Amino acid sequence: MKLLSTLVVALGLVVAVVPFAAAQNAPSNFLNVLTITVHPGKVVDFENFARKVQEAGEEIGDPRTVQMFQGRLGGLTTQYLAVTLFNDWAEMDSWPTVPQMLVEA
Amino acid sequence: MVSIENTVGAFRPEFSGGSNAPALGQRYASVVTTEIDPAQVAAYELFQRSVKAAEDKAGVRRTRRTTANGPAFTYTAVFLYDSFAQRASVPGPPQLLTNEYGVERAQALMDGANRAVLSRTFAVIELRPDLSRTPN
């Protein structure tokens, strides 16, 4: 439980500093990648938390797309990459943080 | 949690055959990350442009970026596909360069690029739709 709390707080803090970017199907100028390496024994906890974050985004109507990838070959399989796109740095100014999303939801 | 790292990549259309946007629903992405010698940027980018030209003629779509925030002088190439069979059917840069420029010119381009490379990693990542979010 302590590890899970640490995981949640740590992810929340980091994502608060560098939140998810906007993503569209059209070409985008920039691609934001949040690479999260999870302790092998805490994969289920992390994935449950990641689902809650995405659900919160849907509930508050966050317009951004987040594509989550998981390492498959040639690297850590406990590594996750949250990939989002944006066109202009100014977009970052209006992005809610993960803690804000969770509180609002 | 072991670590969290954030990077921002800038799309480089002059090196890319596709758009910067990951195609929603593509299952896999092959990601080649290359760190180059800052003194060899010109040679490496000549290689990148040559590969892009060969890919365009062959109809191969790889997108390429350089780091905007994160490790400097790092180039990333991404190829998206739905199956490993599909991946295996697409030629890589050495074959494409040879097809387009002939053996000697292709080898010269690859030699120039290899001299520029400090390190390179190849990885395959898999989309997790259950952990992803697309606005309605």
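Before moving on, here are some points about what is shown:
- Among (1) within 14 Å of chain A (Cβ to nearest Cβ); (2) surrounded by 13 or more Cβ atoms within 10 Å (Cβ to Cβ); (3) under 29 Å from B:ALA85 (Cβ atoms), the one test that B:PRO135 misses: (3)
- If you go through region B:102-113 and keep only what is out of contact with any Ser or Thr (no Cβ under 7 Å at 6 or more places or on another chain) and either surrounded by 14 or more Cβ atoms within 10 Å (Cβ to Cβ) or among the small types (Gly, Ala, Ser) (or both), you end up with B:GLY102, B:GLN107, B:ALA108, B:MET110, B:GLY112, B:ALA113.
- Number of the exception - B:THR7 against (1) free of Cβ contacts under 8 Å to residues at least 24 places away in the same chain; (2) among the polar types (S, T, N, Q); (3) within 10 Å of another protein chain (Cβ to nearest Cβ): (1)
- Selection status of B:TYR81, surrounded by 15 or more Cβ atoms within 10 Å (Cβ to Cβ), touching a strand residue (DSSP E or B) at 6+ places or on another chain (Cβ under 8 Å), in contact (Cβ under 8 Å) with a residue 40 or more places away in the chain and aromatic (Phe, Trp, Tyr): yes
- Only helices (runs of 4 or more DSSP H) whose full extent lies in region B:1-103 are considered here, and the ones with at least 1 residues that are over 16 Å from the mean Cα position of the chain (by Cα) and within 19 Å of B:ALA123 (Cα to Cα) are B:84-88.
- One residue alone among A:GLY41, A:GLY75 is more than 12 Å from the chain's Cα centre (by Cα), assigned to a loop (DSSP other than H, G, I, E, B) and modelled with pLDDT of 90 or more, and that residue is A:GLY75.
- Looking only at residues of region A:6-15 that are loosely packed, with under 14 Cβ neighbours inside 10 Å and more than 8 Å from every other protein chain (Cβ to nearest Cβ), we find that the one that is modelled with the lowest pLDDT is A:LEU13.
- The lone criterion from (1) over 20 Å from B:VAL31 (Cα atoms); (2) at pLDDT 95 or above; (3) touching a Lys or Arg at 6+ places or on another chain (Cβ under 7 Å) left unmet by A:PHE69 is number (1).
- Across region A:23-53, the qualifying residues are those that are crowded, with 21+ Cβ neighbours inside 10 Å and of a type in the set (S, T, N, Q), and the one among them that is nearest to A:ALA105 (Cα to Cα) is A:ASN32.
- For first residues located in region B:116-136 and without any contact (Cβ under 8 Å) to a residue 12 or more places away in the chain, partners that are in a strand (DSSP E or B) and of a type in the set (Val, Ile, Thr) and lie 6+ apart or on another chain with Cβ distances below 7 Å form the pairs B:SER132/A:VAL66; B:ARG133/A:VAL66.
The values are calculated or read from the model by the stated rules, or taken from the named source; none is laboratory data. Note that this is a predicted model, so its numbers are computed, not measured. Using ideal geometry, Cβ is built from the backbone for each residue, glycine included, and neighbour counts are taken over all protein chains shown.
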